[in-house]
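Taking it in order: structure first as structure tokens, then the write-up.
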Amino acid sequence: MNQMHDFQCPNCGSSVAPAFQTVKMVTCSSCGTSLFLSDQAAEQAGEQGAMHDVPMLFGLGSHLRMGRDTYNIVGHARFSYGRGTWDEFCALNSAGAPLWISVDEGDIILQEEVRRAKWPRYDGYLKLGKVISYDGGGYRVVEDGKGECIALRGSFDEPLYVGEIYRYVNLQGENGDLLSAEIDGDQYAWFVGRWFDPFEVEVLS
């Protein structure tokens, strides 16, 4: 991994070691404070929340093989949508690039952020049933929901806040791929994802 230099936690003084070069947020393993990182310093961003133990195929620190590549789990975020929770894992592929792995009720999705120049373009709003075009294919809006971040552990390539409500819109492609929009006010981020059966995920360590 392409590791940054260590920081001192401004809350407790412990050494904090981010997992990769472009990390923007990390949690202190000593006191549980969430920290935003810049080139010069670490700044407090809040608490890391309570990560209650639940049965999981993999977790923070796991090394996985999914498809043709391997992934190291460097961050774990948990979200609540009222009737349950789902988990998002920040992972580094074999080239050291960050991606996200979502796990919800046994469903596993490997997601890669879409560069802004390739974002889908459409008229109107992303309402249920709407079909938009992306990368030569059609994608239909199948879910429009919200989730509250309830716990954070490890390193992340984007800032997250415990207690913050995040909106997401999921679109299903003609070939089964997933296109997702994460929306915070007027700020958007787009991700394209591929589904994996749990039996296709090999936990190497």
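Residues whose amide H comes within less than 5 Å of that of Gly138, counting only those at least five positions distant or on another chain, are Glu174 (H built at 1.01 Å from N in the peptide plane). Length gained on full extension, Cys31 to Glu174: 46.9 nm, using 0.36 nm per residue less the C-alpha separation. How large is Rg/Rh for the range 110-181, to two decimals, with Cα atoms and a Kirkwood Rh? Looking at the range 110-181, the ratio lands at 1.01.
I'd like to compare 89-95, 109-115: which one has the highest average count of other Cβ atoms within 10 Å, and what's the full order after that?
The packing order, highest mean first, is 89-95, 109-115.
Computed from label points 7 Å out along Cα-Cβ, the spacing between Ala17 and Ala50 is 3.0 nm. Scaling against 2.2 N^0.38 Å puts the C-alpha radius of gyration of the range 105-144 at 1.34.
Our estimate of slack between Asn93 and Lys118, defined as 0.36 nm per intervening residue step minus the Cα-Cα distance, is 6.9 nm. Per-residue Karplus couplings for the range 153-167, computed as 6.51 cos²θ - 1.76 cosθ + 1.60 with θ equal to phi - 60°, are listed in order as 8, x, 10, 9, 8, 8, x, 10, 10, 5, x, 6, 9, 10, 9 Hz, Gly and Pro entered as x.
Quick note: the coordinates plus some simple rules give every number you see, no bench work behind them. Quick caveat, the model's predicted, so the values are computed rather than measured. Positions of Cβ are generated from backbone atoms using ideal geometry, with glycine treated the same way; all protein chains shown enter the neighbour counts.
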